[in-house]
Structure formats: C-alpha cells, structure tokens
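The values are calculated or read from the model by the stated rules, or taken from the named source; none is laboratory data. Nothing here was measured: the structure is a model prediction, and the numbers come from that model. When we count neighbours, we look across all protein chains shown, and the Cβ atoms used for this are built from the backbone with ideal geometry, even at glycine. Please note that ligands, DNA and RNA were not included when accessible areas were found on the heavy atoms of the full protein model with its side chains. Shrake-Rupley method; radii C 1.70, N 1.55, O 1.52, S 1.80 Å.
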Amino acid sequence: MAAKQRDGLRLFGLPPRACERVAALWPGPLAGAGPDDRRTSGPCAAALVWQGDEVEVAAFLGAHPECRWLHTSAVGVPQAVLRHADATGLTVTNGAGTRGSAVAEHVLALLLAHFKGLPQTLAAQRGRDWKVPVAAELRGRRTGVLGLGDIGRRTARLLDAFGARVRGCRRSAGGSPGSDFPVPGVSAVYGRERIEEFLTGLDVLVVAVPLTEETAGLIGSAELALLRPGAVLVNVGRGPVVDEVALVSALRTGRLAGAGLDVFAAEPLPASSPLWSEPGVLITPHSADATAETDQRCLELLLDNLTRFGAGRPLRNVVDPARGY
C-alpha cells in the first residue's frame, strides 16, 4: 500500500500543529492544510480526518475513487464511510485507544456530580445559601457498562476502584483476537443476546458503544424499564443509541433519577430539546474527550499510521466495515 511521492493527501480539520507535522512527513501535494497548502485537484491517495463534516467527507470519497486509505481521529466511523469502504475496499482506520482515559474520567465526573448533589450545591452557592445536599455513594451500586472497548474497559476499572459492582455487555461474550477476557474490574460479561439480563436491576447504566446499524435505538422504553427505579444513565457513546423520547419519559416518571449526557441524536443539542431543562440531567457538549492529552495521543497515532502508509507497512486500528469498528 506504499504511496507514491506524487500522490495527494486530503486533510479535514487538522489543527495547524498537526498540519505542520503531516507536511514534514508527506512530500506530495496536500489539500485542506490551510491557505498555504500544496493544494491539488488531482488524485488523492489518502485522507486524514481530525474534525470534518460527514457529508463533506462522503462527497470527497465519492469524487475520489482512487483514495485507498482514510484515517479518522474519532472512534466512531460514519455509516456513509463504512458503506463506501465495504463497496470499494477502502481501508479505514480510527482513533480507538486514544480517548479512553479522558472519557472514563468524564463518566466518573458525571456520576459523582449526581450522587454528591453538586448541581444543587452550586446553585446554593450562587444564592449564598448554606444548604447541605442529599448525597449518596457509588460503592455497592449495581453498575453496567454497555460496550467494552477501550472506553468501556477503562470506565469499568474506575468504577470498580470506587467499589461499584460492575457488569459489562459487548457484542459477544467470548474473547476476540487482541482482547483479553475476563475484563479487569468486571464481575460478569454478557453478550448482546443477553442484554435484558444485563440491564435488569442496574442502578447505573453507562452507554459506551459506537453507533452502528445494530446499536441504533438499542436503549429504548423496554430496556429502560428493566433498570432499577431511580437509576442513573450516562451516555458517552453516540446519541442515537439511546431513544431520547423514551429517555425523557423515563426521567419524568421517575424510572430514571438522572442522566449524564455527552452525546445526542442531533448536535448541537437544539434549544427546543426538553433535556436542557429536565431536572436531574447533566449536559456536556460532546466534550468528554476534549483534553490536551487526547489530542496528543490522536496526533501520535495519525502520524504513525501516515508513516506506515507511506512505507507500505500494516496500519493500526483497521476498521471492519461490517461491524463499524
């Protein structure tokens, strides 16, 4: 898969520092690197996506059937890209393994904010009101992590350190190449076919699966009804995995006592969404992984794969178009 020096490279949303590092490694034409890029309308061997509009990326692929490799710094890969890869043989790599630490910490931040009553405490502080909140502990809570990729596994380890009773659910309960089971910190691993058993009686549900045809709408009214009354849901996977209408209903009936949401069906979250004003809901703007450390890991992976591509060596984090990850 070695690239020729005359081959073009398309960049989507790379920050200036990353563009400079890419330019130093890639002698051929660049497009999308800014006003001083070595822009080309000719063939492009590959595309690097840091931040990019899904429609724009899909349009590029449609116009450049010669493109052989696309790397995205995200973990989830858009369905249009997966379909194109499945139809054409395009190699797709992603940013798996770069965001787990940041997102796992974010999950714990959302859960601790809920259980320790931090929103109420901050509201009281703004009103100069010395008011002791009603708080609770994570220790002993029956907690389920849906999705045991890098994010899910790191989240499970942190939850276990807090004394939660952690179970996990993945596409299949058995091991797969490159994975070690049992998962550290997880007392039981369920396959997707046993998701009802996995969900039953949970005090906390953490959603950390990517969006695929199989996971779209995976958590709806029937699934939420299996949780223990007064449970808490955290979604750091993808918004459409959870039915937002069912989520709002569960919050209003008390089936859920709260939710920590970093991802949504529509982003930015529309101002008209009832989630903004729903008591017990903590909203963050798809920022769970927004750390300097994450950016550095993403850049190191991107540059390593670019070097590998140029030399015709095997790439890291190759995505299976059929599975979506």
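To keep it simple, each residue is scored yes or no on (1) at pLDDT 95 or above; (2) more than 30 Å from Arg316 (Cβ to Cβ); (3) among the aliphatic types (A, V, I, L, M).
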{"site": "Ser73", "(1), (2), (3)": "yes, no, no"}
{"site": "His84", "(1), (2), (3)": "yes, no, no"}
{"site": "Ala113", "(1), (2), (3)": "yes, yes, yes"}
{"site": "Pro133", "(1), (2), (3)": "no, yes, no"}
{"site": "Gly147", "(1), (2), (3)": "yes, no, no"}
{"site": "Gly152", "(1), (2), (3)": "yes, no, no"}
* Asked: Across the range 176-193, which residue is modelled with the highest pLDDT among those that are open to solvent by 60 Å² or more (accessible area, probe 1.4 Å) and farther than 17 Å from Leu205 by Cβ?
  -> Glu193
* Asked: Does at least one position in the range 306-317 carry a residue that is under 19 Å from the mean Cα position of the chain (by Cα) and either of a type in the set (Asp, Glu) or part of a helix (DSSP H, G or I) (or both)?
  -> no
* To do: Test Leu315 against the criterion of being surrounded by 14 or more Cβ atoms within 10 Å (Cβ to Cβ), touching a Ser or Thr at 6+ places or on another chain (Cβ under 7 Å) and closer than 17 Å to Gly76 by Cα, and give yes or no.
  => no
* Structure fact -> Scanning the range 298-317 residue by residue, the ones that are within 18 Å of Gly13 (Cβ to Cβ) and in contact with a Pro (Cβ under 9 Å, 6 or more places away or on another chain) total 1
* To do: Tell me, please, whether a residue that is over 27 Å from Gln79 (Cα atoms) and either outside any strand (DSSP E or B) or among the aromatic types (Phe, Trp, Tyr) (or both) can be found in the range 207-214.
  => no
* Considering only the range 62-87, how many residues are part of a helix (DSSP H, G or I) and either in contact (Cβ under 8 Å) with a residue 24 or more places away in the chain or buried (at least 22 other Cβ atoms within 10 Å of the Cβ) (or both)? -> 8
* To do: Tally the residues that are assigned to a helix (DSSP H, G or I) and either surrounded by 17 or more Cβ atoms within 10 Å (Cβ to Cβ) or in contact with a Pro (Cβ under 7 Å, 6 or more places away or on another chain) (or both), restricting the search to the range 245-274.
  => 5
* Asked: What are the residue pairs meeting all of these: first residue in the range 198-223, first residue more than 11 Å from Cys169 (Cβ to Cβ), second residue part of a strand (DSSP E or B) and open to solvent by 40 Å² or more (accessible area, probe 1.4 Å), Cβ atoms under 9 Å, and 6 or more apart or on different chains?
  -> Gly201/Arg142; Asp203/Arg142; Asp203/Arg165; Val204/Arg142
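Table: residues versus (1) under 29 Å from Tyr190 (Cβ atoms); (2) without any contact (Cβ under 8 Å) to a residue 12 or more places away in the chain; (3) buried (at least 20 other Cβ atoms within 10 Å of the Cβ).
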{"site": "Thr91", "(1), (2), (3)": "no, no, no"}
{"site": "Gly97", "(1), (2), (3)": "yes, no, no"}
{"site": "Gly100", "(1), (2), (3)": "yes, no, yes"}
{"site": "Val103", "(1), (2), (3)": "yes, no, yes"}
{"site": "Leu112", "(1), (2), (3)": "yes, no, no"}
{"site": "Gln120", "(1), (2), (3)": "no, no, no"}
{"site": "Pro133", "(1), (2), (3)": "no, no, no"}
{"site": "Gly140", "(1), (2), (3)": "yes, no, no"}
{"site": "Asp150", "(1), (2), (3)": "yes, no, no"}
